[in-house]
Number of protein chains: 2
Amino acid sequence: MNAITDLSKLCLHTITTKPWDITTSAKKFAAAGIKGITIWRDEVQNKDLAQIRRMLVDLDLQVVSLCRGGFYPSTSAEKRRLAIDDNRYAIDLAHALGAPMMVMVCGADPGQPLNISRAQIAEGIAACLDHAAAAGVKLTIEPLHPMYAAERSAINTLAQANDMAESFKSPWVGIAVDVYHVWWDDNLEEEIKRCGHNGNLSAFHICDWKSPTLDMLNDRGLMGEGCIDLKKIRGWVEAAGFNGFNEVEIFSDIYWKQDQDIFLAKIIEAYKNHV
Amino acid sequence: MNAITDLSKLCLHTITTKPWDITTSAKKFAAAGIKGITIWRDEVQNKDLAQIRRMLVDLDLQVVSLCRGGFYPSTSAEKRRLAIDDNRYAIDLAHALGAPMMVMVCGADPGQPLNISRAQIAEGIAACLDHAAAAGVKLTIEPLHPMYAAERSAINTLAQANDMAESFKSPWVGIAVDVYHVWWDDNLEEEIKRCGHNGNLSAFHICDWKSPTLDMLNDRGLMGEGCIDLKKIRGWVEAAGFNGFNEVEIFSDIYWKQDQDIFLAKIIEAYKNHV
């Protein structure tokens, strides 16, 4: 594994600089020399997508993914149908923005067992697959930390994501490995290898796990301020054949309150030193 | 699996009724017909242990365990030595109270990889084992939810706890299965079976996982108010040969603020209906 010497593989998720709108984020990222951008869906809702896409092209920013689809499971059949409609709509959004993939928080319903939620996720993805293929948008399964098993995702380990992705045997299904969700897993190296070997390793998300963590959703750390061995995990991901962007995704009430220009500089510094 | 019809297998952890001191808890539990008690270590610190023990015998309360030992790992060798001393002291406390086991939150140090912390846990348990055997106190490994991996326990699945317990081949090492920590695990049934088969299934802790969960430490739910299928898991535990107490352990800022007599009545009601 090589040390990181430039920003050519750095992608920023727009949620990381949440106080900025999409235009500000894009301009600031490009000015800082960042080459990739992932777009939080809420930030482009009801906006002129063609215009945003032109701006991103002009700024030489590659759209890495649209975030997020998913949330397929429900005890209500009607809600499951609506979720599929919503995912098809999000695939269209991704296509319009030139995003080659849509990252999915797959969902879970606390009113039913996790294996039922997983079966409904498989059904939901299957129902969206033709639409995704036609749009040229990969459906990317992101396994979520087990602390989100009740209502955010019934896919809580990379092994489960691998099982799910492999069941489709499709170039339009992939996996996003986010260190925040999987760092604790003692099967991680082996499952990353498996993921790459089967052609499913589509995205790599980075941040850090702070100790203590003050909030279950919005207290992620900047790379280097927590306990995740990012260099080791990046090594595993690259050994498994991944050569895409290293994508910074930090949900943080603390950082969102700070000056975002200073935060952006900190991110770049942390990226060079700790990834 | 049989439905629960009486309180003969109900144990309450004193942390559940934290606002009560040990004497109040014991008297209230016994008056309610509860037969087992687990004692939070902080509540007997610097008290007359012989007197507490006599009171528990008089009240016909069986001491199920002392909680807690552990916290073995540290990047500092000196702190690891102190942790071993502290565990030996806690074993003496358990012995003085007539507790046949000490439940361990095994620990982790965010400054080092999880596998190093696990190796230090194994060393710590090994260093306490003779002392535990002499005292007749079982050292009980409790796997903790992965959200506690950074600083509370590097043992985050029942599979890891089984590996650890089996490595000792000792009647003085066992495992506590707490539904809060393991409910999300898709290998749970199989690992409970393995745990029982190897004679390591020593304790069964119950509560519920609320959705949403507001606090990572102190927002556990009363049985039935969350998404854990308690009847199913109790079935697995009993099928694996466990016939000990069903131990209620609820850390909850919300319930601790309420009238504890009313809360105790709710626990008994929830135990009869949802376990």
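The values are calculated or read from the model by the stated rules, or taken from the named source; none is laboratory data. Values in this document were obtained by computation on a predicted structure and should not be read as measured data. Neighbour counts are summed over all protein chains in view; Cβ atoms, including those assigned to glycine, are modelled from backbone coordinates with ideal geometry. Keep in mind that these areas ignore ligands, DNA and RNA; they rest on the heavy atoms of the full protein, side chains included. Shrake-Rupley method; radii C 1.70, N 1.55, O 1.52, S 1.80 Å.
With Cα atoms defining each centre, the range B:1-65 and the range A:145-173 are spaced 42 Å apart in the structure.
Taken over the protein assembly as shown, the ratio of Cα radius of gyration to 2.2 N^0.38 Å equals 1.04.
For the range A:1-141, relative contact order (Cα pairs under 8 Å, six or more residues apart, normalised by length) works out to 21 percent. Taking the Cα centre of chain A as origin and assigning +1 to Lys and Arg Cβ atoms and -1 to Asp and Glu Cβ atoms, the resulting dipole is close to 440 debye.
Highest GNM mean-square fluctuation among B:Pro110, B:Pro73, B:Pro212, for chain B modelled with Cα contacts below 10 Å: B:Pro212. Gyration tensor over the Cα atoms of chain B: the corresponding equivalent ellipsoid has semi-axes (square roots of 5 times the eigenvalues, largest first) of 27, 22, 18 Å. Take A:Asp215, move 7 Å from Cα toward the beta carbon, and the resulting point lies 1.7 nm from the same point in each other copy, nearest first. For the range A:138-275, a crude dipole built from +1 on the beta carbon of Lys and Arg and -1 on the beta carbon of Asp and Glu, taken about the Cα centre, is about 320 debye to the nearest 20. Local charge for A:Met55 was computed over the other residues whose Cβ lies under 12 Å away, with Lys and Arg +1 and Asp and Glu -1, and equals 0.
The slack in the chain from B:Asp6 to B:Ala134, taken as 0.36 nm per residue of separation less the alpha-carbon distance, amounts to 42.6 nm. Averaging the sequence gap over all C-alpha pairs within less than 8 Å and six or more residues apart, then dividing by the number of residues, gives chain B a relative contact order of 18 percent. One decimal place: the segment B:Met55-B:Lys266 gains 73.4 nm when fully extended, by the rule 0.36 nm per residue minus the C-alpha distance. Taken about its Cα centre, the protein assembly as shown carries a charge dipole of roughly 100 debye when the Cβ of each Lys and Arg holds +1 and the Cβ of each Asp and Glu holds -1.
The share of accessible area on the range A:154-263 that comes from carbon and sulfur is 50 percent, using a 1.4 angstrom probe. In chain A, a dipole from Cβ-located charges (positive for Lys and Arg, negative for Asp and Glu) runs towards its positive end, and of A:Asn156, A:Tyr89, A:Gly224 it is A:Tyr89 whose Cα lies farthest in that direction. When chain B is treated as a GNM, springs tying every alpha-carbon pair under 10 Å, which of B:Ile228, B:Ile121, B:Ile52 comes out with the largest mean-square fluctuation? Judging by the Gaussian network model, the answer is B:Ile52. Take each residue of peptide B:178-190, count the partner chain Cβ atoms within 10 Å of its Cβ, and average: the result is 3. Using Cα springs under 10 Å in a Gaussian network model of chain A, which residue among A:Lys18, A:Lys138, A:Lys47 shows the largest mean-square fluctuation? Sorting by GNM fluctuation, first place goes to A:Lys47. Amide H contacts under 5 Å for A:Lys138: A:Met101, A:Met102, restricted to partners 5 or more places along the chain or on a different chain, H placed in the peptide plane at 1.01 Å from N.
The orientation-averaged shadow of the Cα convex hull for the range A:1-110, equal to a quarter of the hull surface, comes to 8.7 nm². Using a 7 Å projection from Cα along Cα-to-Cβ, the label point at B:Asp42 is separated from the same position in the remaining copies by 3.5 nm, smallest value first. Peptide packing: for A:255-264, B:154-163, the average count of neighbouring Cβ atoms within 10 Å per residue gives the ranking B:154-163, A:255-264, highest mean first.
Sorted from closest to farthest, the other copies place their A:Asp85 label points 6.8 nm away, with each point set 7 Å from Cα along Cα→Cβ. In this structure the amide hydrogen of A:Leu12, modeled in the peptide plane, comes within under 5 Å of the amide hydrogens of A:Gly36, A:Ile37, A:Thr38, A:Val248, none closer than 5 places in sequence on its chain. Averaged over the residues of B:140-150, the number of partner chain Cβ atoms lying within 10 Å of the residue Cβ comes to 4. Beyond a 26 Å Cα-Cα separation, which of these cross-linked pairs lie in this structure: A:Lys79/A:Lys257; B:Lys210/B:Lys257; A:Lys232/B:Lys193; B:Lys35/B:Lys231; B:Lys28/B:Lys232? In this structure, A:Lys79/A:Lys257; A:Lys232/B:Lys193; B:Lys28/B:Lys232 exceed 26 Å between Cα atoms.
Here the protein assembly as shown carries DSSP beta bridges of which approximately 5% are antiparallel, counting only pairs with both residues inside. Between A and B, buried accessible area from a 1.4 angstrom probe totals roughly 1900 Å², ignoring ligands, DNA and RNA. Distances between placed amide hydrogens fall under 5 Å for B:Val177 paired with B:Ser202, B:Ala203, B:Phe204, B:His205, all partners being 5 or more residues away or on another chain. Centroid-to-centroid, using Cα positions, the range A:213-237 and the range B:222-252 are 33 Å apart.
Using the Karplus relation 6.51 cos²θ - 1.76 cosθ + 1.60 with θ = phi - 60°, the per-residue 3J(HN,Hα) values for the range B:264-272 come to 4, 5, 5, 4, 5, 4, 5, 4, 5 Hz, with x marking Gly and Pro. A simple rule links phi to the HN-Hα coupling: the Karplus curve 6.51 cos²θ - 1.76 cosθ + 1.60 with θ = phi - 60°, which for the range B:101-106 gives 8, 10, 7, 10, 8, 5 Hz, with x for Gly and Pro. Across the alpha-carbon atoms of the range A:130-275, the computed radius of gyration and Dmax are 15.6, 45 angstrom.
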